[in-house]
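Worksheet: one structure, shown below.
The values are calculated or read from the model by the stated rules, or taken from the named source; none is laboratory data. Computed from a predicted model, the values in this text were never measured in an experiment. For neighbour counting, all protein chains shown are included, and Cβ atoms are generated from backbone atoms with ideal geometry for every residue, glycine included. Note: accessible area is taken over every heavy atom of the protein model, side chains too, but ligands, DNA and RNA are not part of it. Shrake-Rupley method; radii C 1.70, N 1.55, O 1.52, S 1.80 Å.
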Amino acid sequence: MAKKNGTIMYKCTNCGYSQPKWLGRCPECGEWNSLEEIIIDRNALTPGGRGSEQVQKQKPVDLASVQAMEAVRLSTGIEEFDRVLGGGATKRSAILLGGEPGIGKSTLLLQTASSAAANLKNQTGKILYVSGEESAAQIKDRANRLGVDSSNIQVLCTSRLEDTLDALDSLNPVFVVIDSIQTIYSAEAGLIPGTVNQLKYCANELIAWVKERDSVLIMTAHVTKEGTIAGPKSLEHMVDTVISFERNTDDIRFLHAQKNRFGSVDELGIFTMTEKGLVPVQDPASLFLTKRSESQTTQPAGVACTPVFEGTRVFLVEIQALTVPAKASVSRVYSEKIDSGRVARVAAVIEKRCGLKFSDQDIYVNVAGGVRLTESSIDAALACALYSARTDIPLNTNTAVFGELSLAGEIRPVTKSKQRIKAAQNLGFSKVVAPEAEEGSVKAENIREIIKTLFK
C-alpha cells in the first residue's frame with residue numbers, strides 16, 4: 001500500500017524477513033507475532049543509518065510502563081572534569097566544550113583522551129581523536145610535550161564528515177573527540193565548513209551515531225567575541241552537556257557546565273596551566289584569597305571575604321569595591337564578575353537603610369581570582385565591601401560575612417550555613433557574621449546590625 005509518506009512493509013524482528021502484508025507467523029523463521037510495521041522511504045534521513053530506506057514506525061507507549069535506565073558513566077581520568085560532568089561522562093551522550101582561542105581546549109581533550117585510554121587498558125575499546133585543525137604530527141608533538149601516553153589513541157586528521165563516520169563504524173570507539181565541530185563539513189550540506197546548515201547536519205549525524213552505541217562524544221566549539229558558542233543556538237539544544245572553559249588574568253582555568261542533562265550545573269572545575277598541561281587544583285578553598293603578611297590585622301578598605309558554594313565545595317572569595325565621585329551627572333556601576341544590577345540594588349539598600357549616599361558615586365566591583373559569583377549569599381559581603389569603600393573604614397582580616405540582603409534591609413538565611421562557617425574557620429576566620437545563630441558565628445538580622453558589629 002503506497003502512501004505519500006512512504007510504503008508500508010512488515011518486518012520480522014527475529015530474522016529480518018519483510019513482506020507487504022501482516023502475518024501472525026513469520027514464514028521464514030516460524031516466529032509468532034514478530035512482524036512489525038515499517039516504512040520504506042527513499043527520502044528518509046535515518047540517524048546513524050546514512051542511506052537506509054527502512055524507517056521503524058514509532059508508536060506511543062504508556063510512560064508508567066517504561067523502565068528507567070540508570071546512566072552508565074565513563075571516567076575521563078581527570079577528577080575536575082569528572083566533577084563538572086556530574087561524576088564522569090555518561091555513555092551515549094554528546095558534550096560540547098566551548099572556549100576562546102588558546103585557552104587549552106585541545107590540551108584538555110588530549111589529556112582526557114590519554115587518561116581515558118589508560119582506564120580502558122584492561123577493557124576492549126579505543127579512543128578516536130578527530131582533528132580538523134591540526135596535523136597528526138602537531139598532535140604528536142603536543143602529546144610528547146605534555147608527557148601523556150598516546151597508546152590506544154587513534155588519530156584522524158580530516159574535515160570530511162564521511163571520513164569521520166567511516167572511521168567510527170570501523171573502529172567503534174568508546175570515546176570520540178571532535179576538534180572542532182566548526183571545521184567538519186559534508187558534501188550533503190555544501191562545501192563550506194562552519195555554516196549553519198553544516199553545523200546542524202554534521203552535529204546531528206555525529207550525535208545520532210553516539211546515541212546508538214555505548215560511546216561518549218566530545219566536540220569542541222569556537223566562541224564569538226562575546227564569549228558565546230559560535231553558530232546556531234540549536235547546536236547547544238542538540239547536545240546533552242554544554243561546558244564553558246574560561247580563564248582569569250593568571251594561569252587559572254575555570255570549567256563549568258551551562259547545561260547538563262545528567263548532573264548538576266553548579267560544579268566548578270579549576271585548573272592551572274603549566275608546562276605539562278592543565279593540572280587540577282587540589283585545594284581550591286583559599287585559591288581566591290589574597291595572601292597578606294601576618295602582621296596585617298585589617299583588610300584594605302573596600303575588601304570583604306565571604307564563603308560561597310560551587311556545587312559541593314566551599315570557596316572563600318574576596319570581594320573588592322571602590323567608590324569615587326561620579327565623573328558626570330549620572331553615576332555608573334562597573335562590575336564584571338558580579339551582576340551590575342545586584343551591585344546597584346545593594347548600594348540602594350545601604351543608602352536607604354543606613355543613610356550612606358551612593359547616588360553621586362561611580363562604583364567599581366571586582367572578585368579576586370576572577371571567579372564569577374551568582375549566589376545570593378554574597379549580598380551581605382558585597383554590602384560590607386561597598387560600605388568600607390565609601391567610608392574608608394577597613395574590615396579585620398579575621399572576619400567573614402555571608403547572607404542574602406532583602407530590599408527591607410533584612411539579612412535572610414541561606415543554605416548550608418554550618419558548612420560555610422566551618423570552611424571559614426578552617427582558613428583562619430575567627431569571626432563569621434551570619435544571618436542565623438550557629439556555633440562559631442555572630443548573628444545579624446539586618447544590614448544595620450552588620451554595620452554596627454563590623455564597623456562600630
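Any chance segment 323-332 includes a residue that's part of a strand (DSSP E or B) and either among the β-branched types (Val, Ile, Thr) or closer than 30 Å to His237 by Cβ (or both)?
yes
Among the candidates Ala208, Ala203, Ala221, single out the residue that is at pLDDT 90 or above, in contact with a Gly (Cβ under 8 Å, 6 or more places away or on another chain) and under 17 Å from Glu133 (Cβ atoms). Before you say what the answer is, go through the steps one by one.
On the way: Ala208 fails: under 17 Å from Glu133 (Cβ atoms); Ala203 fails: in contact with a Gly (Cβ under 8 Å, 6 or more places away or on another chain).
After ruling out the rest, the residue left standing is Ala221.
Working only within segment 164-186, note down all residues that are of a type in the set (Asp, Glu) and either in contact with a His (Cβ under 6 Å, 6 or more places away or on another chain) or within 20 Å of Gly102 (Cα to Cα) (or both).
Going residue by residue through segment 164-186, those that are of a type in the set (Asp, Glu) are 166, 169, 179.
Within segment 164-186, just Asp179 meets the criteria.
Mind checking which pairs have a first residue in segment 389-407 that is more than 19 Å from Phe429 (Cβ to Cβ) and a second that is open to solvent by 60 Å² or more (accessible area, probe 1.4 Å), Cβ under 8 Å, 6 or more apart or different chains?
Qualifying pairs under 8 Å: Ala389/Leu322; Glu404/Arg412; Glu404/Pro413; Leu405/Arg412; Ser406/Arg412; Leu407/Arg345.
Filter segment 219-269 down to the residues that are over 9 Å from the mean Cα position of the chain (by Cα) and basic (Lys, Arg), then identify the one that is nearest to Ile127 (Cα to Cα).
Filtering segment 219-269 for residues that are over 9 Å from the mean Cα position of the chain (by Cα) and basic (Lys, Arg), the one nearest to Ile127 (Cα to Cα) comes out as Arg261.
Does Arg213 fit the bill of being of a type in the set (Lys, Arg), at pLDDT 90 or above and within 27 Å of the chain's Cα centre (by Cα)? Steps first, please.
Values: of a type in the set (Lys, Arg): yes; at pLDDT 90 or above: no; within 27 Å of the chain's Cα centre (by Cα): yes.
When the stated conditions are applied, Arg213 does not pass them.
Looking at segment 172-194 only, could you name the residues that are at negative phi and open to solvent by 50 Å² or more (accessible area, probe 1.4 Å)? Full working, then the answer.
Going residue by residue through segment 172-194, those that are at negative phi are 173-189, 191-193.
Tyr185, Ala187, Glu188, Leu191, Ile192, Pro193, listed by residue number.
Within segment 80-103, work out how many residues are assigned to a loop (DSSP other than H, G, I, E, B) and open to solvent by 10 Å² or more (accessible area, probe 1.4 Å). Working first, answer last.
Applying the first criterion (assigned to a loop (DSSP other than H, G, I, E, B)) to segment 80-103 yields 86-88, 91-92, 100-103.
Now restrict to residues that are open to solvent by 10 Å² or more (accessible area, probe 1.4 Å): 86-87, 91-92, 100-102.
Here the count works out to 7.
For segment 379-456, please list each of the strands (runs of 3 or more DSSP E) lying entirely inside it that holds at least 3 residues being open to solvent by less than 10 Å² (accessible area, probe 1.4 Å) and either among the small types (Gly, Ala, Ser) or farther than 23 Å from Val349 by Cβ (or both).
none
Do we find that Lys121 is surrounded by fewer than 21 Cβ atoms within 10 Å (Cβ to Cβ), of a type in the set (Lys, Arg) and at pLDDT below 90 in this structure?
Numbers: surrounded by fewer than 21 Cβ atoms within 10 Å (Cβ to Cβ): yes; of a type in the set (Lys, Arg): yes; at pLDDT below 90: yes.
Here the answer is yes, as Lys121 does meet what is asked.
Of the conditions (1) of a type in the set (A, V, I, L, M, F, W, C); (2) touching a Phe, Trp or Tyr at 6+ places or on another chain (Cβ under 8 Å); (3) farther than 27 Å from Arg292 by Cβ, Ala434 clears all except one; give me its number.
Unmet for Ala434, out of (1) of a type in the set (A, V, I, L, M, F, W, C); (2) touching a Phe, Trp or Tyr at 6+ places or on another chain (Cβ under 8 Å); (3) farther than 27 Å from Arg292 by Cβ: (3).
May I ask you to say which residue of Phe315, Phe358, Phe271, Phe288 is surrounded by 12 or more Cβ atoms within 10 Å (Cβ to Cβ) and more than 26 Å from Ile450 (Cβ to Cβ)?
Working: Phe315 fails: more than 26 Å from Ile450 (Cβ to Cβ); Phe358 fails: more than 26 Å from Ile450 (Cβ to Cβ); Phe288 fails: more than 26 Å from Ile450 (Cβ to Cβ).
Exactly one residue qualifies, and that residue is Phe271.
Look through Gly77, Gly132 and report the one residue that is on the phi > 0 side of the Ramachandran plot, surrounded by 15 or more Cβ atoms within 10 Å (Cβ to Cβ) and out of contact with any strand residue (DSSP E or B) (no Cβ under 6 Å at 6 or more places or on another chain). Outline the logic, then answer.
Details: Gly132 fails: on the phi > 0 side of the Ramachandran plot.
Sole residue among the options that is on the phi > 0 side of the Ramachandran plot, surrounded by 15 or more Cβ atoms within 10 Å (Cβ to Cβ) and out of contact with any strand residue (DSSP E or B) (no Cβ under 6 Å at 6 or more places or on another chain): Gly77.
For segment 224-253, give me the residue count where each residue is touching a Ser or Thr at 6+ places or on another chain (Cβ under 8 Å) and over 22 Å from Ala203 (Cα atoms).
3
If a residue has to be farther than 18 Å from Thr112 by Cβ, without any contact (Cβ under 8 Å) to a residue 40 or more places away in the chain and touching a helix residue (DSSP H, G or I) at 6+ places or on another chain (Cβ under 7 Å) to count, how many in segment 136-177 make the cut?
Residues in segment 136-177 being farther than 18 Å from Thr112 by Cβ, without any contact (Cβ under 8 Å) to a residue 40 or more places away in the chain and touching a helix residue (DSSP H, G or I) at 6+ places or on another chain (Cβ under 7 Å): 3 in total.
Given the conditions (1) farther than 17 Å from Ile229 by Cα; (2) modelled with pLDDT of 90 or more; (3) of a type in the set (Gly, Ala, Ser), and given that Ala187 satisfies all but one, which numbered condition is not satisfied?
For Ala187, the failing item is (2).
Please find, among Asp240, Asp283, Asp266, the residue that is among the acidic types (Asp, Glu) and surrounded by fewer than 16 Cβ atoms within 10 Å (Cβ to Cβ). Please lay out each step first, then the result.
Values: Asp240 fails: surrounded by fewer than 16 Cβ atoms within 10 Å (Cβ to Cβ); Asp266 fails: surrounded by fewer than 16 Cβ atoms within 10 Å (Cβ to Cβ).
Asp283 is the lone residue from the list that is among the acidic types (Asp, Glu) and surrounded by fewer than 16 Cβ atoms within 10 Å (Cβ to Cβ).
Enumerate the pairs (first residue in segment 192-214 and among the aromatic types (Phe, Trp, Tyr); second residue anywhere and open to solvent by less than 70 Å² (accessible area, probe 1.4 Å)) with beta-carbon separation below 7 Å, excluding pairs fewer than 6 apart on the same chain, so at least 6 apart or on different chains.
So the pair list comes out as Tyr201/Ser186; Tyr201/Ala189; Trp209/Gly48; Trp209/Leu165; Trp209/Leu168.
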